Amino acid sequence: MGAITQAMARAARGHGAEIATEAGAREVIVEQGRAVGRHPRQWRDRAREICRFQRQSEAALYATGAGRRAAAEFLARMNALAQRPRTFRMNVALSTLPSFTALPGDGDHLSAGIIIAPSLGYMDRAWQDAREHGWSREPVVEVLIPSTLDDSLAPAGQHVASLFCQHVAPQLPEGKSWDDHREQVADLMIATVDKYAPGFAASVIGRQMLSPLDLEREFGLLGGDIFHGALTLNQLFSARPMLGHADYRGPLKGLYHCGSGAHPGGGVTGAPGHNAAKTILSDHRALFASR
């Protein structure tokens, strides 16, 4: 997955683009009703970074200070977006490939997405568990083993896998913290895979765990929502992220949204960013033509 964005970054830099990562905004600078820059989250030498061109915001718009101050109605509507149980992400290093009882041994199936969801009843219980208890006691887990396709990702004979673990709640009930339950849930996810691929747990020689809270802290995914709002019919097309703002323009002139919360939604398509970029370029041309 990272190779895709790295290739995009190389292409952009080849055309003169400058890319800033880990550059979250503390607030948006507004002049005469227009977004003209941002205060970075971290100050360097107390200098104020001001970008005099229109900025596009990859993060959810309701995380910006400008959205709070300049568009209370917009903020309220964004906060009312439907939320669903989230995911618990894991990356694991493996001493050997897993062998699933449904199809033992090596094979092409290990280079595909392997989904542990044996029945509709199983999936329904997972959903209900997450709503009532904070995480599913029998979770739906999708296993991907990218090292079966790219052997540079792990030492010879070893592998790496990602576990897309569903369903978990953004906030745990009774005031519990994900920081206190991260290890417990990670153990459950590995044990779930081990149930269908005996020996999997013993093959795990390292693991990285990302709870919904970790996903919010590290990547700005509010509540750990990789889609920035549920992909339901009432939040798609002209209603994504809401009616009146499906054209990638935010409540302030010069403030745009281009992430998963924009049409057509999350996934490895690049479509929201592509469409937003066309909108930004169009607005730039109109802005400079009027001067």
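The values are calculated or read from the model by the stated rules, or taken from the named source; none is laboratory data. Quick caveat: nothing in here was measured; it's all calculated off a predicted structure. FYI the Cβ positions are ideal-geometry reconstructions off the backbone, even for glycines, and counts take in every protein chain you see. Just so you know, the surface numbers come from the protein's heavy atoms only, side chains and all, with ligands and any DNA or RNA stripped out. Shrake-Rupley method; radii C 1.70, N 1.55, O 1.52, S 1.80 Å.
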Given (1) open to solvent by less than 30 Å² (accessible area, probe 1.4 Å); (2) outside any helix (DSSP H, G or I); (3) closer than 26 Å to H167 by Cα, index of the condition Y256 fails
(3)
Taking into account only those residues within segment 238-253 that are touching a residue at least 40 places away in the same chain (Cβ under 8 Å) and not basic (K, R), which is surrounded by the most Cβ atoms within 10 Å (Cβ to Cβ)?
P241
For residues that are in a helix (DSSP H, G or I) and at pLDDT below 95, scanning just segment 148-173, find the one that is most open to solvent (accessible area, probe 1.4 Å).
D151
Residue check, L222 against (1) modelled with pLDDT under 95; (2) out of contact with any Asp or Glu (no Cβ under 7 Å at 6 or more places or on another chain), all met but one. Which one?
(2)
Let me confirm something: among T21, T87, T5, which residue is assigned to a strand (DSSP E or B), modelled with pLDDT of 75 or more and of a type in the set (S, T, N, Q)?
T87
With (1) surrounded by fewer than 21 Cβ atoms within 10 Å (Cβ to Cβ); (2) touching a residue at least 12 places away in the same chain (Cβ under 8 Å); (3) more than 14 Å from S136 (Cα to Cα); (4) not acidic (D, E) as the list, and A201 as the residue in question, which single condition is left unmet?
(2)
I'd like to know if segment 108-120 contains one or more residues that are within 25 Å of L222 (Cβ to Cβ) and touching a strand residue (DSSP E or B) at 6+ places or on another chain (Cβ under 9 Å).
no
